[in-house]
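Here's the structure we're looking at; comments come further down.
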Amino acid sequence: MNDAPQNSELLSRLDTSVAHSARLWNYLLGGKDNFAADREAAEQVLAFMPELVQSARYNREFLGRVVRHLAGPAGIDQFLDIGTGLPTANNTHEVAQKTNPAARIVYVDNDPMVLVHARALLTSTPEGATDYIDADIRDPETILQNAARTLDFERPMAIMLLGILNFVVDDAEAAAIVAKLLDAVPEGSYLVMSHPTAEVHREAVERAMQMWNSSGSAPICARTPAAISEYFEGLDVLDPGFVTVSHWRPDGNDEAVVTEWCGVGHKR
């Protein structure tokens, strides 16, 4: 199939004059898929919050550890990864399919640049499957309907919400989205979430949020660990509970405390 016409249409939606979170995160991780506005926004924040590079790296390492656990000991072979971001190293499907080649992964994002890169880079093992959905987290019905092409909602899966729910700034809307996603999956499924907090470097985090929100980019918010824990109501939260991403079952990596908090819950 020739994706060139579709890619051209997608790229026509691309606004390179405004920083985008996926491209900014790509810059922080050392990638090259970003523009001047993304780099400028990142450097402005890094000037007073240099630990943001650590947060990006540790969030990625957390993804690797939790997916290895779920695809291995937990026996999960289906992943719904919402808010994919630009592909880098150790994407969800790469980690999961290295553990279980038959794993099936659906990625979701609404950035046209992410879509184009996903089509080129998010391939699959012959035994498994990888799909990509152009959708917004605020439209869980569309996500669930399209994900059913690849994932079996009669079987347990992991819902991955890494660094994405912070873009839903209304608390009631965010809670409704998570509830809708969890209602759609059976017992034995997992919810994985990482989310910025102001528990560390509070002044810097608040300043960074204000700067980002005044730039014309999609608004963002930080939430307390207590507020994050409310999304896991009714789930069995895996040890060590709600912690900074570098403290979730570390395997020898640097355990410095960063602003990204995380949790993993099991639906019974």
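The values are calculated or read from the model by the stated rules, or taken from the named source; none is laboratory data. Keep in mind that what you see is a predicted model, and the values were worked out from it rather than measured. So basically every Cβ, Gly included, is an ideal-geometry build from the backbone, and we count neighbours across all protein chains shown. What goes into the accessible areas is simple: the full protein's heavy atoms, side chains included, and nothing from ligands, DNA or RNA. Shrake-Rupley method; radii C 1.70, N 1.55, O 1.52, S 1.80 Å.
Could you check, for the stretch 191-206, whether at least one of its residues is within 21 Å of Lys267 (Cβ to Cβ), assigned to a helix (DSSP H, G or I) and acidic (Asp, Glu)? The answer is no, given that none of the residues of the stretch 191-206 is within 21 Å of Lys267 (Cβ to Cβ), assigned to a helix (DSSP H, G or I) and acidic (Asp, Glu). Filtering the stretch 192-237 to residues that are hydrophobic (A, V, I, L, M, F, W, C) and surrounded by fewer than 14 Cβ atoms within 10 Å (Cβ to Cβ) leaves only Ala226.
Just to be sure before I move on: is Val169 in contact (Cβ under 8 Å) with a residue 12 or more places away in the chain, of a type in the set (A, V, I, L, M, F, W, C), in a loop (DSSP other than H, G, I, E, B) and surrounded by fewer than 17 Cβ atoms within 10 Å (Cβ to Cβ) in the structure I sent? Criteria met by Val169. Of all the residues in the stretch 238-266, those that are open to solvent by less than 40 Å² (accessible area, probe 1.4 Å) and closer than 15 Å to Met193 by Cβ number 14.
Of Val237, Val245, all but one fail to be under 20 Å from the mean Cα position of the chain (by Cα), among the β-branched types (Val, Ile, Thr) and farther than 17 Å from Leu52 by Cα; the exception is Val237. Sub-9 Å Cβ pairs linking a first residue in the stretch 150-162 that is closer than 10 Å to Val264 by Cα to a second residue that is exposed (fewer than 15 other Cβ atoms within 10 Å of the Cβ), at least 6 apart or interchain, number zero.
All of Trp261, Trp212 fail the test of being among the hydrophobic types (A, V, I, L, M, F, W, C) and in a helix (DSSP H, G or I), apart from Trp212. If you filter the stretch 123-146 down to residues that are open to solvent by 20 Å² or more (accessible area, probe 1.4 Å) and assigned to a helix (DSSP H, G or I), you find that the one that is nearest to Asp171 (Cα to Cα) is Glu141. Every condition in (1) over 23 Å from Val106 (Cβ atoms); (2) part of a loop (DSSP other than H, G, I, E, B); (3) modelled with pLDDT of 95 or more is met by Ser229 except one, and the failing one is (2). Looking at the stretch 1-73, the helices (runs of 4 or more DSSP H) lying wholly inside it that each contain 3 or more residues that are at pLDDT 70 or above and surrounded by fewer than 20 Cβ atoms within 10 Å (Cβ to Cβ) sit at 36-46, 52-71.
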